[in-house]
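Asks: To start, I am sharing the structure in question, which I have written as structure tokens.
The values are calculated or read from the model by the stated rules, or taken from the named source; none is laboratory data. All values derive from a computational prediction rather than experimental measurement. Here the Cβ positions follow ideal geometry from the backbone for every residue, glycine too, while neighbour counts run over all protein chains shown. Heads up: the accessible areas ignore ligands, DNA and RNA and are worked out on the full protein's heavy atoms, side chains in. Shrake-Rupley method; radii C 1.70, N 1.55, O 1.52, S 1.80 Å.
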Amino acid sequence: MPRAVTLIRSAELSDAAEYAYAATAPAGARLIFLAGSCPLNKDGSTAAIGDHAGQAAVCVENLRIALAAAGASLEDVISTRVLVASSRQADLVAAWEVVRDAFGDHDVPSTLLGVTVLGYDDQLVEIEAVAAVLDT
């Protein structure tokens, strides 16, 4: 099945970033705007309390479920925003490494942010995403 997302790279920008700098989707692609994926268990409790990487893994799994409900997968994501409730760069990196590894070669443009607080009790990580699919 053809994918709608094309990742854009530039030789004029640093290759230190672990993601593409831009992405496109063709006219006619169906865009899917996902709410922030949170580290919540099915019962609504917060998973992996105190563990940035553990919460990132639950966020990725919940993101996969939401994408599947919309007829998409991680390979259809066009961009992400990863929010980490911490002022420590090491915590941001711990969450980012989980997200980066989940996306593998589909290294979509992404923004990693340290924030003061997130919406649920004990929540440390949230992942926003936009996806694009070609419905045939």
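For every residue, the table says whether it meets (1) part of a loop (DSSP other than H, G, I, E, B); (2) touching a residue at least 60 places away in the same chain (Cβ under 8 Å); (3) at positive phi.
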{"site": "Leu31", "(1), (2), (3)": "no, yes, no"}
{"site": "Gly36", "(1), (2), (3)": "no, yes, no"}
{"site": "Asp43", "(1), (2), (3)": "yes, no, no"}
{"site": "Ile49", "(1), (2), (3)": "yes, yes, no"}
{"site": "Ala56", "(1), (2), (3)": "no, yes, no"}
{"site": "Glu75", "(1), (2), (3)": "no, yes, no"}
{"site": "Arg81", "(1), (2), (3)": "no, no, no"}
{"site": "Val84", "(1), (2), (3)": "no, no, no"}
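Asks: Could you tell me whether any residue of segment 5-25 is within 22 Å of Ala68 (Cβ to Cβ), in contact with a helix residue (DSSP H, G or I) (Cβ under 7 Å, 6 or more places away or on another chain) and of a type outside the set (Lys, Arg)?
Replies: Taking every residue of segment 5-25 in turn, at least one turns out to be within 22 Å of Ala68 (Cβ to Cβ), in contact with a helix residue (DSSP H, G or I) (Cβ under 7 Å, 6 or more places away or on another chain) and of a type outside the set (Lys, Arg).
Yes/no matrix, rows are residues, columns are (1) crowded, with 18+ Cβ neighbours inside 10 Å; (2) over 23 Å from Asp135 (Cβ atoms); (3) among the hydrophobic types (A, V, I, L, M, F, W, C); (4) touching a Lys or Arg at 6+ places or on another chain (Cβ under 7 Å):
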site: Cys38; (1), (2), (3), (4): yes, yes, yes, no
site: Gly44; (1), (2), (3), (4): no, yes, no, no
site: Leu118; (1), (2), (3), (4): yes, yes, yes, no
site: Gln123; (1), (2), (3), (4): yes, yes, no, no
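Asks: Being in contact with a Gly (Cβ under 7 Å, 6 or more places away or on another chain), open to solvent by 30 Å² or more (accessible area, probe 1.4 Å) and closer than 19 Å to Asp101 by Cα is the filter here; which residues of segment 46-88 pass it?
Replies: Ala48
Asks: Give me a count of the residues in segment 1-29 that are under 16 Å from Ala131 (Cβ atoms) and part of a strand (DSSP E or B).
Replies: So the answer is 5.
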